[in-house]
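One structure is given here, and the rest of the page talks about it.
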Amino acid sequence: MNAFDVLSERGFVFQSTDPAGVRQMLTSPTTAYTGFDPTAASLHCGHLVPLMQLAWLQRCGNRPILLCGGGTALVGDPSGKTSSRPILTRDEINANLASQRQQAMRFMDFEADRALVANNADWLCELNYIDFLRDIGAHFSVNQMLTAEIYRTRLDADEHLSFLEFNYQLLQAYDWLHLYRTVGCTMQCAGSDQWANCLAGMDLIRRLEGAEAHVLCTPLLVTASGQKMGKTEKGAVWLDPELTPPYEFFQYWVNVDDRDVERLLKLLTFLSLAQIGELCSADGAALRDAKRVLAYEVTGIVHGQPAAEEAQAAAQALFGGGGGDRSAMPSTGVALVELAGWSLLDALVHAGLCASRGEARRLTAQGGAYVNEARVADPEAPLGEGVVQDGEVLLRAGKKRYHRLVVTG
RNA sequence: GGAGGGAUGCCCGAGUGGCCAAAGGGAACUGACUGUAAAUCAGUCGGCGGACGCCUACGGUGGUUCGAAUCCACCUCCCUCCA
(Lines give C-alpha, C1' and ligand atoms only; values in the text may rest on other atoms or scores of the structure.)
Protein backbone atom coordinates (compact mmCIF):
# COMPACT_ATOMS: atom_id res chain seq x y z
CA MET A 1 0.00 0.00 0.00
CA ASN A 2 1.25 3.45 -0.85
CA ALA A 3 2.60 5.26 2.17
CA PHE A 4 0.73 8.38 1.24
CA ASP A 5 -2.58 6.55 1.40
CA VAL A 6 -1.69 5.01 4.74
CA LEU A 7 -0.76 8.37 6.16
CA SER A 8 -3.83 10.06 4.75
CA GLU A 9 -6.21 7.49 6.16
CA ARG A 10 -4.65 7.81 9.55
CA GLY A 11 -4.87 11.56 9.65
CA PHE A 12 -1.21 12.43 9.32
CA VAL A 13 -1.60 14.65 6.31
CA PHE A 14 -2.53 18.16 7.28
CA GLN A 15 -1.18 19.65 4.09
CA SER A 16 1.22 18.64 1.40
CA THR A 17 2.87 20.36 -1.50
CA ASP A 18 1.00 18.23 -4.02
CA PRO A 19 -0.96 15.14 -3.01
CA ALA A 20 -0.63 13.52 -6.40
CA GLY A 21 3.05 14.32 -6.57
CA VAL A 22 3.75 13.02 -3.09
CA ARG A 23 1.84 9.87 -3.82
CA GLN A 24 3.73 9.38 -7.06
CA MET A 25 7.06 9.91 -5.33
CA LEU A 26 6.20 7.33 -2.71
CA THR A 27 5.51 4.63 -5.27
CA SER A 28 9.25 4.02 -5.20
CA PRO A 29 11.44 3.99 -2.08
CA THR A 30 11.92 7.52 -0.91
CA THR A 31 14.19 9.13 1.62
CA ALA A 32 12.33 11.50 3.95
CA TYR A 33 13.49 13.48 6.94
CA THR A 34 12.07 15.16 9.99
CA GLY A 35 14.00 17.50 12.19
CA PHE A 36 13.85 17.78 15.97
CA ASP A 37 15.49 20.67 17.71
CA PRO A 38 17.04 19.69 21.04
CA THR A 39 15.72 22.68 22.96
CA ALA A 40 14.55 20.53 25.86
CA ALA A 41 15.98 17.55 27.67
CA SER A 42 13.21 15.30 26.45
CA LEU A 43 10.75 14.97 23.61
CA HIS A 44 7.11 15.37 24.58
CA CYS A 45 3.88 13.86 23.38
CA GLY A 46 3.56 16.42 20.61
CA HIS A 47 6.57 14.83 18.95
CA LEU A 48 4.79 11.52 18.72
CA VAL A 49 2.96 12.44 15.54
CA PRO A 50 5.99 13.15 13.38
CA LEU A 51 7.77 10.16 14.89
CA MET A 52 4.90 7.86 14.04
CA GLN A 53 4.80 9.33 10.59
CA LEU A 54 8.42 8.40 10.04
CA ALA A 55 7.73 4.97 11.45
CA TRP A 56 4.91 4.40 9.00
CA LEU A 57 7.00 5.63 6.10
CA GLN A 58 9.60 3.08 7.00
CA ARG A 59 7.04 0.32 7.34
CA CYS A 60 5.91 1.15 3.84
CA GLY A 61 9.40 0.67 2.45
CA ASN A 62 10.88 4.13 2.63
CA ARG A 63 13.95 5.37 4.38
CA PRO A 64 13.45 7.90 7.17
CA ILE A 65 16.11 10.27 8.42
CA LEU A 66 16.01 11.48 11.96
CA LEU A 67 17.63 14.87 11.89
CA CYS A 68 18.75 16.26 15.22
CA GLY A 69 19.03 20.01 15.14
CA GLY A 70 22.21 20.39 17.12
CA GLY A 71 23.08 23.31 14.89
CA THR A 72 19.70 24.96 14.46
CA ALA A 73 19.05 24.78 18.19
CA LEU A 74 21.92 27.21 18.59
CA VAL A 75 19.78 29.72 16.77
CA GLY A 76 16.21 29.03 17.86
CA ASP A 77 13.15 28.58 15.73
CA PRO A 78 10.61 31.41 15.97
CA SER A 79 7.79 29.26 14.57
CA GLY A 80 4.74 29.17 16.72
CA LYS A 81 6.27 31.23 19.45
CA THR A 82 5.29 34.66 20.50
CA SER A 83 8.57 35.41 22.10
CA SER A 84 12.19 34.47 21.82
CA ARG A 85 13.57 31.43 23.50
CA PRO A 86 16.52 31.76 25.76
CA ILE A 87 19.71 30.82 24.00
CA LEU A 88 21.02 27.46 25.10
CA THR A 89 24.66 26.63 25.54
CA ARG A 90 26.32 24.06 23.34
CA ASP A 91 26.68 21.71 26.27
CA GLU A 92 23.00 21.86 27.08
CA ILE A 93 22.13 21.26 23.48
CA ASN A 94 24.42 18.30 23.16
CA ALA A 95 23.03 16.72 26.30
CA ASN A 96 19.47 17.28 25.11
CA LEU A 97 20.32 15.93 21.72
CA ALA A 98 21.72 12.73 23.10
CA SER A 99 18.66 11.93 25.17
CA GLN A 100 16.16 12.96 22.50
CA ARG A 101 17.92 10.88 19.90
CA GLN A 102 17.69 7.85 22.11
CA GLN A 103 13.98 8.37 22.62
CA ALA A 104 13.29 8.88 18.94
CA MET A 105 15.30 5.90 17.77
CA ARG A 106 12.80 3.55 19.39
CA PHE A 107 10.34 4.36 16.67
CA MET A 108 12.36 3.08 13.77
CA ASP A 109 14.61 0.28 12.72
CA PHE A 110 18.14 1.47 12.09
CA GLU A 111 19.55 -1.87 10.99
CA ALA A 112 21.44 -1.86 7.73
CA ASP A 113 20.81 1.83 7.08
CA ARG A 114 17.09 1.32 6.88
CA ALA A 115 16.93 4.61 8.70
CA LEU A 116 19.55 7.29 9.24
CA VAL A 117 20.39 9.70 12.01
CA ALA A 118 22.08 13.00 11.39
CA ASN A 119 23.02 16.08 13.34
CA ASN A 120 22.95 19.34 11.44
CA ALA A 121 25.66 20.77 13.66
CA ASP A 122 27.98 18.62 11.54
CA TRP A 123 27.48 20.84 8.53
CA LEU A 124 26.00 24.05 9.86
CA CYS A 125 28.75 24.81 12.33
CA GLU A 126 31.46 24.82 9.75
CA LEU A 127 29.65 27.12 7.35
CA ASN A 128 31.45 30.22 6.29
CA TYR A 129 29.26 33.29 6.57
CA ILE A 130 30.30 34.98 3.35
CA ASP A 131 30.07 31.81 1.32
CA PHE A 132 26.71 31.02 2.80
CA LEU A 133 25.36 34.44 1.94
CA ARG A 134 26.60 34.17 -1.64
CA ASP A 135 25.56 30.59 -2.27
CA ILE A 136 22.37 30.32 -0.29
CA GLY A 137 21.30 33.73 0.95
CA ALA A 138 21.16 35.11 -2.56
CA HIS A 139 18.26 32.81 -3.35
CA PHE A 140 16.01 34.09 -0.63
CA SER A 141 13.61 36.96 -0.95
CA VAL A 142 13.03 38.90 2.22
CA ASN A 143 9.74 40.09 0.77
CA GLN A 144 8.63 36.51 0.48
CA MET A 145 9.95 35.51 3.86
CA LEU A 146 8.00 38.30 5.50
CA THR A 147 4.76 36.94 4.13
CA ALA A 148 5.28 33.72 6.06
CA GLU A 149 2.89 33.36 8.92
CA ILE A 150 5.62 32.57 11.42
CA TYR A 151 7.31 35.91 10.89
CA ARG A 152 4.21 37.95 10.17
CA THR A 153 2.49 37.07 13.44
CA ARG A 154 5.54 38.08 15.38
CA LEU A 155 5.76 41.36 13.52
CA ASP A 156 2.04 42.07 13.67
CA ALA A 157 2.04 41.54 17.40
CA ASP A 158 4.94 43.95 17.69
CA GLU A 159 6.92 41.14 19.22
CA HIS A 160 10.63 41.11 19.09
CA LEU A 161 12.04 39.04 16.24
CA SER A 162 15.80 38.89 16.19
CA PHE A 163 17.88 38.59 13.06
CA LEU A 164 19.18 35.40 14.57
CA GLU A 165 15.75 33.84 14.53
CA PHE A 166 14.96 35.29 11.15
CA ASN A 167 17.83 33.24 9.75
CA TYR A 168 16.32 30.03 10.95
CA GLN A 169 14.49 29.41 7.73
CA LEU A 170 17.66 29.61 5.69
CA LEU A 171 19.38 27.10 7.89
CA GLN A 172 16.51 24.66 7.71
CA ALA A 173 16.37 25.02 3.94
CA TYR A 174 20.08 24.41 3.79
CA ASP A 175 19.71 21.29 5.91
CA TRP A 176 17.42 19.79 3.37
CA LEU A 177 19.64 20.78 0.49
CA HIS A 178 22.52 19.10 2.26
CA LEU A 179 20.51 15.95 2.86
CA TYR A 180 19.40 15.94 -0.74
CA ARG A 181 22.96 16.22 -1.96
CA THR A 182 24.44 13.66 0.40
CA VAL A 183 21.74 11.01 0.74
CA GLY A 184 19.14 11.90 -1.87
CA CYS A 185 16.50 13.07 0.54
CA THR A 186 13.53 14.34 -1.47
CA MET A 187 10.86 14.64 1.16
CA GLN A 188 10.45 16.52 4.38
CA CYS A 189 7.90 15.70 7.02
CA ALA A 190 7.15 18.19 9.73
CA GLY A 191 4.55 19.70 11.96
CA SER A 192 2.30 22.18 10.26
CA ASP A 193 4.03 25.07 11.99
CA GLN A 194 7.06 24.28 9.87
CA TRP A 195 5.29 24.70 6.55
CA ALA A 196 7.02 27.87 5.45
CA ASN A 197 10.43 26.57 6.45
CA CYS A 198 9.85 23.39 4.48
CA LEU A 199 8.73 25.23 1.40
CA ALA A 200 11.85 27.32 1.54
CA GLY A 201 13.93 24.17 1.40
CA MET A 202 11.92 22.73 -1.42
CA ASP A 203 12.37 25.87 -3.47
CA LEU A 204 16.08 25.88 -2.77
CA ILE A 205 16.48 22.32 -4.01
CA ARG A 206 14.53 23.06 -7.13
CA ARG A 207 16.54 26.17 -7.82
CA LEU A 208 19.98 24.81 -7.20
CA GLU A 209 19.55 21.21 -8.17
CA GLY A 210 16.57 21.31 -10.48
CA ALA A 211 15.12 18.44 -8.52
CA GLU A 212 11.62 17.69 -7.35
CA ALA A 213 11.04 17.57 -3.64
CA HIS A 214 7.91 17.38 -1.52
CA VAL A 215 6.64 18.39 1.87
CA LEU A 216 4.23 16.52 4.08
CA CYS A 217 2.93 18.33 7.13
CA THR A 218 1.25 16.70 10.08
CA PRO A 219 -1.51 18.38 12.04
CA LEU A 220 -0.72 19.93 15.38
CA LEU A 221 -1.84 17.60 18.14
CA VAL A 222 -4.72 19.41 19.80
CA THR A 223 -7.51 18.26 22.02
CA ALA A 224 -11.15 18.42 21.05
CA SER A 225 -11.43 21.55 23.15
CA GLY A 226 -8.71 23.22 21.11
CA GLN A 227 -5.91 23.02 23.63
CA LYS A 228 -2.48 21.85 22.68
CA MET A 229 -2.25 18.20 23.57
CA GLY A 230 -0.10 17.23 26.49
CA LYS A 231 -0.73 19.91 29.03
CA THR A 232 -1.22 18.76 32.56
CA GLU A 233 -1.11 20.46 35.91
CA LYS A 234 2.52 19.45 36.03
CA GLY A 235 3.36 20.78 32.61
CA ALA A 236 4.09 18.83 29.48
CA VAL A 237 3.71 15.10 29.04
CA TRP A 238 7.28 14.02 28.44
CA LEU A 239 8.59 10.85 26.90
CA ASP A 240 11.34 10.67 29.49
CA PRO A 241 10.20 8.30 32.27
CA GLU A 242 12.07 10.41 34.80
CA LEU A 243 10.01 13.46 33.91
CA THR A 244 6.71 11.70 33.28
CA PRO A 245 6.59 8.24 34.85
CA PRO A 246 4.97 5.54 32.69
CA TYR A 247 2.01 5.36 35.07
CA GLU A 248 1.28 9.05 34.63
CA PHE A 249 1.90 8.79 30.92
CA PHE A 250 -0.59 5.93 30.74
CA GLN A 251 -3.13 7.86 32.79
CA TYR A 252 -2.84 10.85 30.51
CA TRP A 253 -4.11 8.83 27.57
CA VAL A 254 -6.80 7.08 29.55
CA ASN A 255 -8.19 10.48 30.43
CA VAL A 256 -8.45 11.97 26.97
CA ASP A 257 -11.68 13.43 25.73
CA ASP A 258 -14.13 10.97 24.16
CA ARG A 259 -13.97 12.92 20.94
CA ASP A 260 -10.22 12.44 20.62
CA VAL A 261 -9.91 8.69 21.05
CA GLU A 262 -10.34 7.57 17.48
CA ARG A 263 -8.07 10.21 16.04
CA LEU A 264 -5.37 9.42 18.60
CA LEU A 265 -5.59 5.69 18.01
CA LYS A 266 -4.98 6.29 14.32
CA LEU A 267 -2.10 8.65 14.88
CA LEU A 268 -0.35 7.11 17.84
CA THR A 269 -0.74 3.37 17.55
CA PHE A 270 0.01 0.75 14.93
CA LEU A 271 -3.41 -0.88 15.27
CA SER A 272 -5.20 -1.46 12.00
CA LEU A 273 -8.01 0.81 10.99
CA ALA A 274 -10.36 -2.13 11.27
CA GLN A 275 -9.37 -2.71 14.89
CA ILE A 276 -9.70 0.96 15.64
CA GLY A 277 -13.10 1.13 14.00
CA GLU A 278 -14.17 -1.77 16.13
CA LEU A 279 -12.93 -0.18 19.35
CA CYS A 280 -14.59 3.12 18.63
CA SER A 281 -17.90 1.78 17.47
CA ALA A 282 -19.03 1.89 21.05
CA ASP A 283 -20.03 5.14 22.60
CA GLY A 284 -20.61 6.54 26.02
CA ALA A 285 -18.92 4.82 28.90
CA ALA A 286 -17.89 1.92 26.71
CA LEU A 287 -15.38 4.19 25.02
CA ARG A 288 -13.22 3.79 28.09
CA ASP A 289 -12.12 0.46 26.73
CA ALA A 290 -10.83 2.20 23.64
CA LYS A 291 -8.99 4.70 25.83
CA ARG A 292 -7.36 1.90 27.79
CA VAL A 293 -6.17 0.35 24.57
CA LEU A 294 -4.87 3.71 23.43
CA ALA A 295 -2.99 4.21 26.68
CA TYR A 296 -1.60 0.71 26.65
CA GLU A 297 -0.41 0.91 23.06
CA VAL A 298 1.16 4.35 23.28
CA THR A 299 2.85 3.56 26.57
CA GLY A 300 4.16 0.36 25.03
CA ILE A 301 5.62 2.16 22.05
CA VAL A 302 7.26 4.82 24.17
CA HIS A 303 8.29 2.92 27.29
CA GLY A 304 8.20 -0.68 26.19
CA GLN A 305 5.78 -3.51 26.76
CA PRO A 306 6.70 -4.30 30.39
CA ALA A 307 6.23 -0.70 31.49
CA ALA A 308 2.88 -0.61 29.74
CA GLU A 309 1.82 -3.79 31.54
CA GLU A 310 2.79 -2.37 34.90
CA ALA A 311 1.07 0.93 34.31
CA GLN A 312 -2.04 -0.88 33.23
CA ALA A 313 -1.95 -3.12 36.27
CA ALA A 314 -1.59 -0.15 38.60
CA ALA A 315 -4.48 1.64 36.91
CA GLN A 316 -6.56 -1.48 37.16
CA ALA A 317 -5.75 -1.82 40.85
CA LEU A 318 -6.79 1.76 41.56
CA PHE A 319 -9.70 2.28 39.26
CA GLY A 320 -10.82 -1.20 38.37
CA GLY A 321 -11.97 -2.26 41.80
CA GLY A 322 -8.88 -3.22 43.73
CA GLY A 323 -6.49 -6.09 43.46
CA GLY A 324 -3.66 -6.17 41.01
CA ASP A 325 -0.13 -4.92 41.12
CA ARG A 326 0.23 -1.36 42.29
CA SER A 327 3.97 -1.17 41.98
CA ALA A 328 3.95 1.26 39.05
CA MET A 329 1.89 3.89 40.78
CA PRO A 330 3.62 6.87 42.35
CA SER A 331 4.96 5.96 45.75
CA THR A 332 7.29 7.07 48.49
CA GLY A 333 9.02 5.07 51.14
CA VAL A 334 8.61 6.10 54.76
CA ALA A 335 9.76 4.66 58.06
CA LEU A 336 7.04 3.61 60.47
CA VAL A 337 8.39 5.78 63.26
CA GLU A 338 8.23 8.76 60.98
CA LEU A 339 4.78 7.93 59.70
CA ALA A 340 3.53 7.57 63.24
CA GLY A 341 4.26 11.23 63.84
CA TRP A 342 2.42 12.45 60.78
CA SER A 343 -0.95 14.07 60.55
CA LEU A 344 -2.99 13.78 57.40
CA LEU A 345 -1.61 17.17 56.37
CA ASP A 346 1.97 16.02 56.76
CA ALA A 347 1.31 12.93 54.71
CA LEU A 348 -0.31 14.80 51.83
CA VAL A 349 2.60 17.19 51.64
CA HIS A 350 5.27 14.52 51.98
CA ALA A 351 3.63 12.46 49.28
CA GLY A 352 3.71 15.43 46.96
CA LEU A 353 -0.03 15.41 46.51
CA CYS A 354 -0.14 18.94 47.86
CA ALA A 355 2.46 21.63 47.37
CA SER A 356 2.00 23.20 50.79
CA ARG A 357 0.27 22.65 54.07
CA GLY A 358 -2.18 25.35 53.14
CA GLU A 359 -3.11 23.52 50.01
CA ALA A 360 -3.48 20.28 51.93
CA ARG A 361 -5.69 22.00 54.46
CA ARG A 362 -7.84 23.35 51.66
CA LEU A 363 -8.07 19.97 49.99
CA THR A 364 -9.14 18.34 53.22
CA ALA A 365 -11.65 21.07 54.00
CA GLN A 366 -13.19 20.58 50.59
CA GLY A 367 -13.54 16.88 51.13
CA GLY A 368 -10.89 15.75 48.70
CA ALA A 369 -8.55 13.89 51.01
CA TYR A 370 -8.72 10.13 51.35
CA VAL A 371 -6.76 7.57 53.30
CA ASN A 372 -7.20 4.01 52.09
CA GLU A 373 -10.20 5.18 50.07
CA ALA A 374 -11.99 6.62 53.10
CA ARG A 375 -12.57 10.34 53.17
CA VAL A 376 -10.86 12.06 56.08
CA ALA A 377 -12.18 15.46 57.07
CA ASP A 378 -9.81 16.29 59.92
CA PRO A 379 -6.53 17.73 58.65
CA GLU A 380 -4.85 16.92 61.95
CA ALA A 381 -5.97 13.30 62.02
CA PRO A 382 -2.93 11.21 62.91
CA LEU A 383 -1.99 8.45 60.50
CA GLY A 384 -0.20 6.08 62.80
CA GLU A 385 0.21 2.38 62.60
CA GLY A 386 -3.47 1.66 62.39
CA VAL A 387 -3.83 2.84 58.83
CA VAL A 388 -1.05 0.69 57.45
CA GLN A 389 -2.44 -2.10 55.33
CA ASP A 390 -0.15 -4.70 53.86
CA GLY A 391 2.77 -2.44 54.58
CA GLU A 392 1.41 0.57 52.82
CA VAL A 393 -0.94 3.50 53.05
CA LEU A 394 -2.95 4.63 50.06
CA LEU A 395 -3.48 8.36 49.84
CA ARG A 396 -5.78 9.99 47.40
CA ALA A 397 -6.32 13.65 46.53
CA GLY A 398 -9.46 14.45 44.67
CA LYS A 399 -10.92 12.01 42.24
CA LYS A 400 -7.89 10.43 40.74
CA ARG A 401 -4.57 11.55 42.12
CA TYR A 402 -3.15 8.67 44.08
CA HIS A 403 0.02 8.19 46.05
CA ARG A 404 1.26 5.19 47.93
CA LEU A 405 3.29 5.38 51.10
CA VAL A 406 5.37 2.28 51.49
CA VAL A 407 6.33 1.60 55.08
CA THR A 408 9.98 0.68 55.19
CA GLY A 409 10.46 -0.36 58.76
C1' G B 1 22.58 57.62 19.25
C1' G B 2 17.77 60.83 20.45
C1' A B 3 12.55 61.09 22.25
C1' G B 4 8.58 58.57 24.46
C1' G B 5 6.02 54.13 26.58
C1' G B 6 6.32 49.72 29.46
C1' A B 7 7.89 45.51 33.15
C1' U B 8 2.18 43.38 38.44
C1' G B 9 0.56 36.72 41.16
C1' C B 10 0.71 30.22 36.43
C1' C B 11 -1.02 33.52 31.96
C1' C B 12 -3.70 38.03 30.38
C1' G B 13 -4.76 42.43 32.88
C1' A B 14 -6.61 46.62 36.55
C1' G B 15 -4.43 49.45 40.32
C1' U B 16 -0.60 55.41 40.31
C1' G B 17 1.00 56.93 48.59
C1' G B 18 -2.54 53.97 53.40
C1' C B 19 -9.14 50.82 52.68
C1' C B 20 -3.74 45.96 48.35
C1' A B 21 -2.07 39.44 49.32
C1' A B 22 -3.45 43.28 45.16
C1' A B 23 -10.11 44.15 40.84
C1' G B 24 -11.56 41.24 36.50
C1' G B 25 -10.83 37.21 33.08
C1' G B 26 -8.46 32.60 31.73
C1' A B 27 -5.95 28.35 33.48
C1' A B 28 -5.79 25.18 37.65
C1' C B 29 -7.77 22.64 42.09
C1' U B 30 -12.03 20.56 45.12
C1' G B 31 -17.18 19.20 45.61
C1' A B 32 -22.02 17.84 43.34
C1' C B 33 -23.53 15.21 38.85
C1' U B 34 -20.93 11.13 36.13
C1' G B 35 -18.06 7.02 32.83
C1' U B 36 -10.73 7.74 35.47
C1' A B 37 -14.86 11.62 29.45
C1' A B 38 -17.53 16.25 28.26
C1' A B 39 -20.94 19.97 29.74
C1' U B 40 -23.17 22.40 33.96
C1' C B 41 -23.57 24.39 38.96
C1' A B 42 -21.03 25.65 43.69
C1' G B 43 -16.57 26.63 46.28
C1' U B 44 -11.16 27.40 46.43
C1' C B 45 -6.90 29.51 44.34
C1' G B 46 1.08 33.19 48.08
C1' G B 47 3.44 30.80 52.71
C1' C B 48 3.06 29.74 57.96
C1' G B 49 -0.09 29.32 62.55
C1' G B 50 -6.95 26.72 64.54
C1' A B 51 -9.67 32.63 62.77
C1' C B 52 -9.17 38.97 63.78
C1' G B 53 -2.08 37.38 63.32
C1' C B 54 2.74 37.18 61.16
C1' C B 55 6.03 36.60 56.88
C1' U B 56 7.16 36.98 51.70
C1' A B 57 5.45 39.42 47.05
C1' C B 58 4.06 43.91 42.25
C1' G B 59 11.76 43.67 36.90
C1' G B 60 16.79 44.80 40.14
C1' U B 61 19.37 48.04 43.77
C1' G B 62 19.20 52.12 46.84
C1' G B 63 16.32 56.44 48.68
C1' U B 64 11.97 59.74 50.32
C1' U B 65 7.90 58.84 53.88
C1' C B 66 4.78 57.26 60.06
C1' G B 67 3.48 54.27 55.63
C1' A B 68 5.19 52.59 48.57
C1' A B 69 3.00 48.04 43.63
C1' U B 70 2.11 53.33 43.64
C1' C B 71 7.00 59.04 44.55
C1' C B 72 12.68 59.81 43.41
C1' A B 73 17.70 57.97 41.55
C1' C B 74 20.49 54.47 39.12
C1' C B 75 20.54 49.64 36.62
C1' U B 76 18.51 45.49 33.47
C1' C B 77 15.19 44.00 29.70
C1' C B 78 11.11 44.98 26.13
C1' C B 79 8.20 48.14 22.77
C1' U B 80 7.17 52.60 19.59
C1' C B 81 8.82 56.74 16.74
C1' C B 82 13.14 59.40 14.80
C1' A B 83 18.50 58.54 12.67
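For A:Trp195, are the conditions met, namely being surrounded by fewer than 21 Cβ atoms within 10 Å (Cβ to Cβ) and more than 16 Å from A:Met52 (Cβ to Cβ)?
The answer is yes for A:Trp195.
In this structure, is A:Arg154 touching a Pro at 6+ places or on another chain (Cβ under 8 Å), on the phi < 0 side of the Ramachandran plot and either within 16 Å of RNA strand B (Cβ to nearest atom) or not β-branched (Val, Ile, Thr) (or both)?
Taking the combined requirement at face value, the residue satisfies it.
In region A:363-409, which residues are buried (at least 16 other Cβ atoms within 10 Å of the Cβ), within 16 Å of RNA strand B (Cβ to nearest atom) and part of a strand (DSSP E or B)?
A:Ala369, A:Tyr370, A:Val371, A:Pro382, A:Leu394, A:Leu395, A:Arg396, A:Ala397, A:Arg401, A:Tyr402, A:His403, A:Arg404 - these are the residues of region A:363-409 that are buried (at least 16 other Cβ atoms within 10 Å of the Cβ), within 16 Å of RNA strand B (Cβ to nearest atom) and part of a strand (DSSP E or B).
So which of A:Leu267, A:Leu294 ends up being in contact with a strand residue (DSSP E or B) (Cβ under 9 Å, 6 or more places away or on another chain) and open to solvent by less than 40 Å² (accessible area, probe 1.4 Å)?
Criteria check complete, one pass: A:Leu267.
Can you work out which of the residues in region A:241-263 that are open to solvent by 20 Å² or more (accessible area, probe 1.4 Å) and either in contact with a strand residue (DSSP E or B) (Cβ under 9 Å, 6 or more places away or on another chain) or assigned by TED's automatic domain parsing to the domain that holds A:Cys354 (or both) is modelled with the lowest pLDDT?
The extreme case among them is A:Leu243.
Scan region A:277-292 residue by residue and report those that are more than 12 Å from RNA strand B (Cβ to nearest atom) and hydrophobic (A, V, I, L, M, F, W, C).
Within region A:277-292, just A:Leu279 meets the criteria.
Residue by residue through region A:227-246, note down the ones that are under 20 Å from A:Ala355 (Cβ atoms) and within 16 Å of RNA strand B (Cβ to nearest atom).
Passing the criteria: A:Lys231, A:Thr232, A:Glu233, A:Lys234, A:Gly235, A:Ala236, A:Val237, A:Thr244, A:Pro245.
If you take the residues in region A:134-153 that are modelled with pLDDT of 90 or more and open to solvent by 80 Å² or more (accessible area, probe 1.4 Å), which one is farthest from the chain's Cα centre (by Cα)?
A:Arg134
On the given criteria, is A:Ser327 within 9 Å of RNA strand B (Cβ to nearest atom) and either closer than 30 Å to A:Pro50 by Cα or out of contact with any helix residue (DSSP H, G or I) (no Cβ under 6 Å at 6 or more places or on another chain) (or both)? Spell out the reasoning first.
Values: within 9 Å of RNA strand B (Cβ to nearest atom): no; either closer than 30 Å to A:Pro50 by Cα or out of contact with any helix residue (DSSP H, G or I) (no Cβ under 6 Å at 6 or more places or on another chain) (or both): yes.
No, not satisfied.
State yes or no: is A:Thr299 within 14 Å of the chain's Cα centre (by Cα), closer than 25 Å to A:Pro330 by Cβ and near RNA strand B (Cβ under 8 Å from one of its atoms)?
No.
Looking at A:Gly352, is it in a loop (DSSP other than H, G, I, E, B), more than 9 Å from RNA strand B (Cβ to nearest atom), small (Gly, Ala, Ser) and assigned by TED's automatic domain parsing to the domain that holds A:Leu394? Quick ask: steps written out before the conclusion?
Details: in a loop (DSSP other than H, G, I, E, B): yes; more than 9 Å from RNA strand B (Cβ to nearest atom): yes; small (Gly, Ala, Ser): yes; assigned by TED's automatic domain parsing to the domain that holds A:Leu394: yes.
Yes: the conditions hold for A:Gly352.
Report yes if A:Arg106 is within 16 Å of RNA strand B (Cβ to nearest atom), open to solvent by 50 Å² or more (accessible area, probe 1.4 Å), of a type in the set (Lys, Arg) and closer than 23 Å to A:Leu220 by Cβ, otherwise no.
No; evaluated as a whole, the condition is false for this residue.
For region A:214-235, which residues satisfy the criterion of being open to solvent by 40 Å² or more (accessible area, probe 1.4 Å) and in contact (Cβ under 8 Å) with a residue 40 or more places away in the chain?
Within region A:214-235, the subset open to solvent by 40 Å² or more (accessible area, probe 1.4 Å) is A:220, A:222, A:224-228, A:231-234.
Hits for region A:214-235 are A:Leu220, A:Lys228.
Assuming A:Leu339 fulfils every condition listed in (1) surrounded by fewer than 21 Cβ atoms within 10 Å (Cβ to Cβ); (2) part of a helix (DSSP H, G or I) apart from one, which condition is it?
Only one criterion in (1) surrounded by fewer than 21 Cβ atoms within 10 Å (Cβ to Cβ); (2) part of a helix (DSSP H, G or I) is unmet by A:Leu339, namely (1).
Looking at A:Ala307, A:Ala311, A:Ala317, A:Ala274, can you tell me which residue is surrounded by 19 or more Cβ atoms within 10 Å (Cβ to Cβ) and more than 12 Å from RNA strand B (Cβ to nearest atom)? Give the steps one after another, and end with the answer.
Values: A:Ala311 fails: more than 12 Å from RNA strand B (Cβ to nearest atom); A:Ala317 fails: more than 12 Å from RNA strand B (Cβ to nearest atom); A:Ala274 fails: surrounded by 19 or more Cβ atoms within 10 Å (Cβ to Cβ).
Within the list A:Ala307, A:Ala311, A:Ala317, A:Ala274, the selection yields A:Ala307.
The values are calculated or read from the model by the stated rules, or taken from the named source; none is laboratory data. Here the structure is a predicted model, which means the values were calculated and not measured. Reconstructed Cβ throughout: ideal geometry from the backbone, glycine too, with neighbour counts over all protein chains shown. Heads up: the accessible areas ignore ligands, DNA and RNA and are worked out on the full protein's heavy atoms, side chains in. Shrake-Rupley method; radii C 1.70, N 1.55, O 1.52, S 1.80 Å.
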